[in-house]
Structures are given as structure tokens and as C-alpha cells.
Amino acid sequence: MSRLFRDVEGGPLCPQGSVVCIGAFDGLHLGHRALVHRAVERARELGVPAVALTFEPLPREFFAPAQKPPRLTLARAKFEGLRDIGIDLVGLLRFDAKLASMEAERFVREILVGRLQVREVWIGPDFRFGKGRAGDLTLLRTLGESLGFTAHAIHPVAVDGERVSSTRIREALNVGDFDSVERLLGRRYAIAGRVVRGKQLGRTLGYPTANLRYGGKRPPLQGIYATRVHGVGAHPIASVSSFGTRPTVAGVEPLLEAHLFDFDGDLYGRRIAVEFVARLRDELAFADLPALVAQMHRDAQQARDLLSTFKQQACA
């Protein structure tokens with residue numbers, strides 16, 4: 001079972017040594033997975049724990065709060081993904097002013113060596129760390145010679161002739177190109193969370209929804225989608241979903257609302273995952289609720305038709 005730690009300070013966590021990979025891991029795309037798989041492989045060969053170090057919030061969210069990049073993966077989903085790949089210990093480090101100002105050499109000495117007793121460090125080809133992004137592979141290798149570890153970088157992973165990156169995934173999500181997203185992630189894109197209570201307006205309009213919050217992060221997509229909901233039964237349930245701020249009813253917080261077709265049950269408190277299949281349209285403001293309901297009918301029928309075709313393709 002994977003363990004989680006948040007703090008930079010503290011006693012040794014891996015007395016027998018460890019293999020550590022470091023990165024933002026937003027989305028856990030094929031490039032991230034290649035890095036993590038390599039660290040896990042080396043850890044198993046050495047007989048020590050595999051450790052993934054990442055950050056919450058992401059450094060870019062900390063340094064530019066007014067211009068946060070869209071988040072592909074929330075913290076819990078990231079932890080679960082790293083666990084499923086084989087990571088034994090996840091360091092979800094609190095990225096605050098203290099950590100942002102930590103010199104790269106101190107990061108190595110106190111965290112990698114002091115807390116994790118690192119024997120090997122694995123990073124992506126362009127990874128930087130420490131104050132002013134001064135830390136890189138060269139620094140790791142130099143310090144490793146005196147502190148007793150080695151440092152390595154994996155080669156970039158390419159799909160369709162271009163390097164896999166979180167930026168490419170965000171761009172594809174923005175235009176609803178979920179097939180490209182699947183090629184970059186190695187899986188269909190989905191957002192998981194625990195169902196929360198909303199204003200229950202959808203129920204009064206004939207479209208009850210399972211609602212997921214996005215943790216105060218900036219969503220990577222917005223609009224109306226044909227979706228499938230996992231975690232309710234043995235098979236995913238076809239659905240139509242809205243992800244946005246609900247302008248017709250004066251919503252503010254981004255909310256993912258999934259209406260499950262031909263389903264009548266209480267999902268409050270349940271953890272589900274909403275898989276995105278196709279983009280239907282932008283989120284719009286309507287003059288009144290009847291106009292909104294008429295459009296919801298059209299969206300639902302379009303989603304049913306698309307998902308029927310998608311299911312047939314998946315079974316072919």
C-alpha cells in the first residue's frame with residue numbers, strides 16, 4: 001500500500017535507501033508514466049522503495065495565482081495514479097513561500113538525502129527545481145558524487161511525431177479532441193471526485209445531476225459533453241455533462257454536473273469518475289428556464305446518439 005507525506009521537514013522515511021522520481025505529474029501522461037515506470041523498475045531491482053516527489057499547489061499556481069494553468073489532475077487522483085503504477089511513497093510537498101525559496105542544494109541535502117536516503121534520482125529531460133530553478137541534472141550529478149547517489153534523465157516520449165506534454169493535452173481538451181488526449185495519456189480522460197449536493201435545480205427541471213467540485217482549481221475544459229460515468233455499476237453509464245459556472249442560474253464556482261441516462265438512485269457521497277467522450281457545445285446563458293430546458297433536451301438526445309456510436313466502435 002502506498003504511503004503519503006506532505007512535509008519537507010522530518011526524520012528519515014527510507015532507512016534502506018530509495019529511488020526517487022520528481023515532477024509535476026499533472027495528468028500522468030505517457031511521458032510521466034515512462035519516468036515513473038523507470039523509477040519503479042530500478043527500485044525493484046535495488047530492493048528499495050520507489051518514491052515520487054510532486055507538489056501541491058503546482059509551482060506555476062503558486063507563482064501566478066491570477067493566471068493559474070488549467071489543472072488536468074487533482075491531488076487525490078494524482079496520488080491514486082502514482083500508487084497504481086507502483087510507487088510506494090508519494091511526497092505531495094506543500095509548495096509555499098518556504099519551499100519556493102529553498103536553494104536547490106539544500107533541497108537535495110535535506111529532502112532527497114536527509115528524508116529519503118536516495119540512491120538514484122530520475123527526472124524528465126527539462127526538469128528544474130529549487131530557488132530560481134537553479135537545480136538541474138548537472139547539479140544532481142555533481143552533488144550525487146559526494147552524497148552517494150546517481151542522477152538520470154529519461155528521453156522525451158513522442159506521440160504523432162511530437163513530444164508528449166501537459167500543454168498538448170490542455171490544448172486538445174480545449175477543442176474537445178478526446179481521441180488525441182487518449183493517445184497522449186494512454187487512457188481516456190476522466191475527472192474523479194466525490195458527489196456533492198447542489199441546488200437540485202436539475203432535478204426540478206427533469207435532469208437530476210451528480211455534481212463534482214474541482215477543488216478551487218482552474219478546469220481544463222468547459223462546456224457541454226457526452227460522457228460516461230464510472231463507479232456506479234459494473235459498467236459505465238451513458239450521461240450528458242456540463243462543466244462550467246452555470247450562467248443561466250448565476251453560478252460562480254466551476255462545477256461538473258453529470259446527468260446519468262436511465263438511472264434513478266442516490267449518489268451523494270459516492271466517488272465516481274466522469275469520462276469525456278465528445279464535446280457538444282459551449283456553455284451558454286439562456287433567456288429563461290424554458291429555453292434552457294429545451295436545449296437540455298437537445299443536448300441529451302445528441303449525447304445519447306454519440307454515445308451509442310462510441311459504444312459500437314469500442315466493441316468492434
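General observations
- Stretching Tyr268 away from Glu45 to a fully extended chain increases their span by 75.9 nm, per 0.36 nm per residue minus the current alpha-carbon distance.
- Among Ala66, Ala24, Ala158: highest mean-square fluctuation, GNM of the chain, C-alpha pairs under 10 Å: Ala66
- Net lengthening on full extension, Arg163/Lys131 (0.36 nm per residue, minus Cα-Cα): 8.8 nm
- Cα gyration tensor shape of the range 111-268, rounded if a/c is under 1.5, else prolate or oblate by comparing a/b with b/c: prolate
- Thr309-Asp84 FRET efficiency (beta carbon distance; Förster radius 25 Å; 0.05 resolution): 0.25
- Between the range 89-115 and the range 144-216, the C-alpha centres lie 25 angstrom from each other.
- Long-range tail of P(r) for the chain (Cα pairs > 32 Å, %): 35
- Per-peptide packing, taken as the mean over residues of other Cβ atoms within 10 Å, places 37-44, 48-55, 235-242, 146-153 in the sequence 48-55, 235-242, 37-44, 146-153 from highest down.
- The Kirkwood radius of the range 46-195, taken over pairs of alpha-carbon atoms, gives through the Stokes-Einstein law at 20 °C and 1.002 mPa s a diffusion coefficient of 124 µm² s⁻¹.
- Extension gain (nm, one decimal) between Asp177 and His297, 0.36 nm per residue minus Cα-Cα: 40.8 nm
- Protection proxy ranking for 286-294, 119-127, using the average of other Cβ atoms within 10 Å per residue and placing the highest first: 119-127, 286-294.
Each reported figure results from applying straightforward, stated rules to the coordinates on display, with no laboratory input. Since the structure is predicted, the reported quantities are computational estimates derived from the model, not experimental observations. Virtual Cβ from ideal backbone geometry, glycine too; neighbours counted across all protein chains shown.
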